[in-house]
Amino acid sequence: CMRCFYLLIILTVNFGYSQTQEGDLSITGSVNNGSVIRDRQLGFDVMAKYYFKDEFAVGAEMYRVSRDYETGFMFKADKTNLSITHISIPLYFNVINEDLYGMTAAISNGVLIANLKNRGSNSFTFVPNPEVPDQVAEGTLPKKLGTDVYYAFTFSIEGWIKFARFGRDSGMYLTPRAGYQYAFGDGTFTGMRDLTDFIVTLGITYKFNIR
């Protein structure tokens, strides 16, 4: 993946730019097809991007996906919900920048936050003394069972197609994106492999100049 990224940086030098983007701000809302314990789930993604040069932009992104489970993982819960929140700072490199279409490569550093919640009963029964199996006690479970935090590195390719223009410096774009997310760290109820997977989004972007 990194070799592909370096190749795209080289290609950037060879493509001309038909329009200036310096000083542009874009806001994107997307449907996200992300990974929850390597299960594909639909979620939402929001992103803002500022072009400080024609070729480069910096942004802020957040997405969230979640899934219900009929298991407690390592906890005494029969029903749980696992949500994954990703917050990152991407750096973008424009590869193609035409008036009606374009393509961008990006790398981002961020955090992945996995939250496990109990969506079943708050109480459970257990045998405190195995030598007295008839003696049963009752325990309680909190709604929030645990949180795992990972460092995340993502490489992605984003395309855009303009479908509406509002004056000379603003417009609306269809924005598909595909990437690969790497998770690093140690978790209690999740692992790095659970959160390392492909990320695909499809969104609508509004871009305008703020200078």
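The values are calculated or read from the model by the stated rules, or taken from the named source; none is laboratory data. The structure displayed is predicted, hence computed values, not measured ones. Because the Cβ atoms are built from the backbone with ideal geometry, glycine has one as well, and the counts that use them run over all protein chains shown. Heavy atoms of the whole protein, side chains included, go into the accessibility calculation; ligands, DNA and RNA do not. Shrake-Rupley method; radii C 1.70, N 1.55, O 1.52, S 1.80 Å.
Just one residue in the set Gly171, Gly179 is more than 28 Å from Gln41 (Cβ to Cβ), surrounded by 17 or more Cβ atoms within 10 Å (Cβ to Cβ) and modelled with pLDDT of 90 or more; that residue is Gly171. Look at region 179-202: where a residue is in contact (Cβ under 8 Å) with a residue 60 or more places away in the chain and within 23 Å of Ala106 (Cβ to Cβ) and a partner is aliphatic (A, V, I, L, M) and in a loop (DSSP other than H, G, I, E, B), sitting 6+ places away or on another chain with Cβ atoms under 9 Å, you get Leu195/Ile37. Do we have Ile157 as assigned to a strand (DSSP E or B) and at pLDDT 95 or above here? Considered against the rule, which asks whether it is assigned to a strand (DSSP E or B) and at pLDDT 95 or above, Ile157 comes out as yes. Taken over region 187-198, the criterion of being in a loop (DSSP other than H, G, I, E, B) and open to solvent by 30 Å² or more (accessible area, probe 1.4 Å) is satisfied by Gly187, Thr188. The set of residues from region 149-168 being open to solvent by less than 20 Å² (accessible area, probe 1.4 Å) and among the hydroxyl-bearing types (Ser, Thr, Tyr) comprises Tyr150, Thr154, Ser156.
Regarding Phe184, is this residue touching a helix residue (DSSP H, G or I) at 6+ places or on another chain (Cβ under 8 Å) and open to solvent by 20 Å² or more (accessible area, probe 1.4 Å)? So Phe184 passes the test. Residue by residue through region 51-96, note down the ones that are farther than 22 Å from Thr154 by Cβ and more than 22 Å from the chain's Cα centre (by Cα). Within region 51-96, Asp54, Glu70, Thr71, Gly72, Phe73, Met74, Phe75, Lys76, Ala77, Asp78, Lys79 qualify.
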